[in-house]
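One structure coming up, written as C-alpha cells, with questions to follow.
The values are calculated or read from the model by the stated rules, or taken from the named source; none is laboratory data. Keep in mind the model is a prediction, meaning the values are calculated, not measured. All Cβ positions, even for glycine, are placed from backbone atoms using ideal geometry, and neighbour counts span all protein chains on display. Just so you know, the surface numbers come from the protein's heavy atoms only, side chains and all, with ligands and any DNA or RNA stripped out. Shrake-Rupley method; radii C 1.70, N 1.55, O 1.52, S 1.80 Å.
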Amino acid sequence: MPQQQNLFPEQAPDTSQEEIASTALQLTSQHGRLSPDQQRFNRLLKRIDNLKSQLAKIETLCDAHRPAYHLTLSPLHERHSSLIRELVLQLHARLQGKGLSAAFKRDAKTILCHFSQTLAIQGDEEMRHLHDQYSTESLAEKQQNMCDDMRAMMEDVFDLSPSEDEPLDNIEDLLHASLKQLQEANAAEEEKRQHKQRRKKKTSTQAKAEETQQEAESMLRKLFRQLASMLHPDRENDPEKRAHKTELMSEANKAYESRDLVTLLKIQLHLELTTQESIAQLAQEKITSLTVLLKQQIKTLENQLHTRRQSALQEFDLTPYDTLTKTTLTRNLKQTEWSLQQAIREMELDLERIKDDKILKVWLKEQKKLLTQPSFIDFSDLFGMR
C-alpha cells in the first residue's frame with residue numbers, strides 16, 4: 001500500500017497540509033470526464049473546505065485583534081467608570097448640604113440615580129446603595145418590573161407563557177425559559193407533522209430518499225466503528241503513539257457527533273485504513289448517500305459560520321451588519337477609543353462644573369434635558385448582560 005500524506009501530525013497542520021488533505025479526497029478520472037454526480041461530489045468537498053477555512057480565519061482574526069482591543073479600551077473604560085463614580089459621590093455630597101432648591105435637588109437625585117445605576121449593575125455595592133437611597137424604585141424593583149414587561153411582551157407577541165416553576169429572577173432567566181418553551185413548541189409541531197407524514201403512504205421519491213438517508217447513516221457509523229477499533233488506546237504500548245491515537249480518537253468522536261464525513265475519511269486515509277482508490281470506488285458505488293452527508297455537513301457549517309461571525313461582531317461591539325475584516329476591526333477600535341476619550345474629557349469637565357453652585361444648576365438643567373430625550377433602552381445594560 002502506498003505511503004499516505006500525514007494528515008494529522010502531532011503538530012498542528014498548516015494551510016498547505018490541509019489543502020493536501022482536501023485534495024486527497026477529490027475524485028479523479030483516468031479515462032474520460034467525471035460524471036455529473038462525481039463533479040458534484042468534488043464541488044461539495046471544496047465548499048466544505050472553504051467553509052472550514054472561513055471559520056478558521058475568523059478565529060485567527062479574533063485571536064489577533066483581542067489583545068489590542070482589551071489593551072486599548074480596558075484602561076479607558078476603567079477611567080470612565082472611576083469618573084462616573086466620583087461624579088456620583090460629589091452629587092451625593094452636594095445633596096447633603098445647602099444651596100439647592102427642592103426642584104434642583106429632585107433633578108440632582110434623578111441624575112445621580114442615572115449614573116450610579118450603571119456602576120451598580122456592574123457590582124458596585126456602594127453605588128447600588130446610593131441609587132436605592134435616592135430612587136423611588138430600588139434597582140432590584142426596576143429590574144423586576146422590566147422583566148415583567150418583557151414577559152408580558154413575549155406572551156403577547158410569541159404567545160409564550162413560561163412555567164411558574166421556571167426561575168424568572170432576571171431577564172436572562174426569562175429569555176432562557178421563553179427560548180426553551182419555543183423550542184419545545186417547535187419540536188411538538190415537528191413531531192405532529194412527522195406523525196401526520198408517517199400516516200400518509202410514501203411516494204416512490206420519499207421512499208427512495210428515506211432509503212438513501214438510512215444508507216448514509218449506516219455508512220457514517222461504519223466509518224466511525226472502524227476508526228474506534230483502530231484507535232483504541234489499550235492496543236498501543238508506545239506512550240507517544242498512544243497519546244497521538246487518543247488525540248485522533250477525540251477528533252473522530254467530534255467528527256462523528258457533528259456528522260463530519262470529510263474528517264472521518266481524512267483520518268482513515270491517515271491511518272491507511274483506506275486509499276484514494278477505495279474512496280473513489282466508494283463514491284462511485286454510494287455517490288448519492290455520500291452527497292447527502294456532504295450537503296448536511298455544508299448546512300451545519302454554514303450555520304456555525306453565521307453564528308461565529310455574529311458572536312465575533314458582538315464581542316468587538318460591531319453591528320450585526322458590519323463585515324468582519326481586519327480593516328473593520330481596526331477602524332472600529334479607533335472610533336471606540338476616540339469616543340471613550342471624548343466621554344472622559346466631558347466627564348472631567350462635568351466634575352469641574354458641578355463644584356460651582358451657579359454652574360451646577362445650569363449643568364443639572366442640561367442633564368435633565370438629556371435624560372428626558374427619547375432613547376433606545378438597552379436591556380443588556382439594565383440587566384448586566386454585557
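In region 122-136, which residue that is in a helix (DSSP H, G or I) and acidic (Asp, Glu) is most open to solvent (accessible area, probe 1.4 Å)?
Only one residue fits best here, namely Glu125.
Moving to a separate point now. Out of Arg221, Arg235, report the one residue that is at pLDDT 85 or above and more than 21 Å from Arg40 (Cβ to Cβ).
Working: Arg235 fails: at pLDDT 85 or above.
Going through Arg221, Arg235 in turn, just one is at pLDDT 85 or above and more than 21 Å from Arg40 (Cβ to Cβ): Arg221.
Let's see how each residue does on (1) under 16 Å from Ile354 (Cα atoms); (2) basic (Lys, Arg); (3) in contact with a Lys or Arg (Cβ under 6 Å, 6 or more places away or on another chain); (4) without any contact (Cβ under 8 Å) to a residue 40 or more places away in the chain:
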{"site": "Ile58", "(1), (2), (3), (4)": "no, no, yes, no"}
{"site": "Leu83", "(1), (2), (3), (4)": "yes, no, no, no"}
{"site": "Leu87", "(1), (2), (3), (4)": "yes, no, no, no"}
{"site": "His129", "(1), (2), (3), (4)": "no, no, no, yes"}
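So that you can scan it fast, the table gives a plain yes or no per residue for (1) open to solvent by less than 40 Å² (accessible area, probe 1.4 Å); (2) under 19 Å from Ser138 (Cβ atoms):
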site	(1), (2)
His65	yes, no
His70	no, no
Ser74	no, no
Ser81	yes, no
Glu86	no, no
Ser101	no, no
Lys109	no, yes
Cys113	yes, yes
Ala120	yes, yes
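Still on this structure, I have one more. Look through region 307-329, keep the residues that are touching a residue at least 60 places away in the same chain (Cβ under 8 Å) and assigned to a helix (DSSP H, G or I), and return whichever of them is nearest to Ser82 (Cα to Cα).
For region 307-329, the residue satisfying everything is Glu315.
Is there a residue being at pLDDT below 90, on the phi > 0 side of the Ramachandran plot, outside any helix (DSSP H, G or I) and small (Gly, Ala, Ser) anywhere in region 84-98?
no
Take region 227-275 and flag every residue that is more than 28 Å from Glu302 (Cα to Cα), touching a helix residue (DSSP H, G or I) at 6+ places or on another chain (Cβ under 7 Å), among the polar types (S, T, N, Q) and surrounded by fewer than 18 Cβ atoms within 10 Å (Cβ to Cβ).
Thr246
In addition: Hey, Ala188 hits all of (1) modelled with pLDDT under 70; (2) surrounded by fewer than 12 Cβ atoms within 10 Å (Cβ to Cβ) but one; which does it fall short on?
(1)
Of the conditions (1) open to solvent by 100 Å² or more (accessible area, probe 1.4 Å); (2) free of Cβ contacts under 8 Å to residues at least 24 places away in the same chain; (3) more than 31 Å from the chain's Cα centre (by Cα), Trp363 fails just one. Which one is it?
Checking Trp363 against (1) open to solvent by 100 Å² or more (accessible area, probe 1.4 Å); (2) free of Cβ contacts under 8 Å to residues at least 24 places away in the same chain; (3) more than 31 Å from the chain's Cα centre (by Cα), the one that fails is (1).
To continue, here is another question. Can you go through Leu318, Leu282, Leu329 and tell me which one is of a type in the set (A, V, I, L, M, F, W, C), touching a His at 6+ places or on another chain (Cβ under 6 Å) and open to solvent by less than 70 Å² (accessible area, probe 1.4 Å)?
Among Leu318, Leu282, Leu329, only Leu329 is of a type in the set (A, V, I, L, M, F, W, C), touching a His at 6+ places or on another chain (Cβ under 6 Å) and open to solvent by less than 70 Å² (accessible area, probe 1.4 Å).
If I ask for residues that are in contact (Cβ under 8 Å) with a residue 40 or more places away in the chain and open to solvent by less than 40 Å² (accessible area, probe 1.4 Å), which ones from region 332-343 would you list?
Leu333, Thr336, Leu340, Ala343
Here's something else I'd like to know. Of the residues that sit in region 344-360 and are part of a helix (DSSP H, G or I) and among the basic types (Lys, Arg), which one is most open to solvent (accessible area, probe 1.4 Å)?
Our first condition is that a residue be part of a helix (DSSP H, G or I); within region 344-360, this holds for 344-353, 357-360.
Imposing the further condition that a residue be among the basic types (Lys, Arg) reduces the set to 345, 353, 358.
Working: Arg345: 117, Arg353: 55, Lys358: 165 Å².
Checking each candidate, the answer is Lys358.
Just checking, which of Gln38, Gln30 is surrounded by fewer than 12 Cβ atoms within 10 Å (Cβ to Cβ) and either more than 30 Å from Phe316 (Cβ to Cβ) or modelled with pLDDT under 95 (or both)? Walk me through it before giving the result.
Values: Gln38 fails: surrounded by fewer than 12 Cβ atoms within 10 Å (Cβ to Cβ).
Selected residue: Gln30, the only one of Gln38, Gln30 that is surrounded by fewer than 12 Cβ atoms within 10 Å (Cβ to Cβ) and either more than 30 Å from Phe316 (Cβ to Cβ) or modelled with pLDDT under 95 (or both).
Could you identify the single residue in Gln297, Gln304 that is in a helix (DSSP H, G or I), at pLDDT 90 or above and buried (at least 19 other Cβ atoms within 10 Å of the Cβ)?
Gln297
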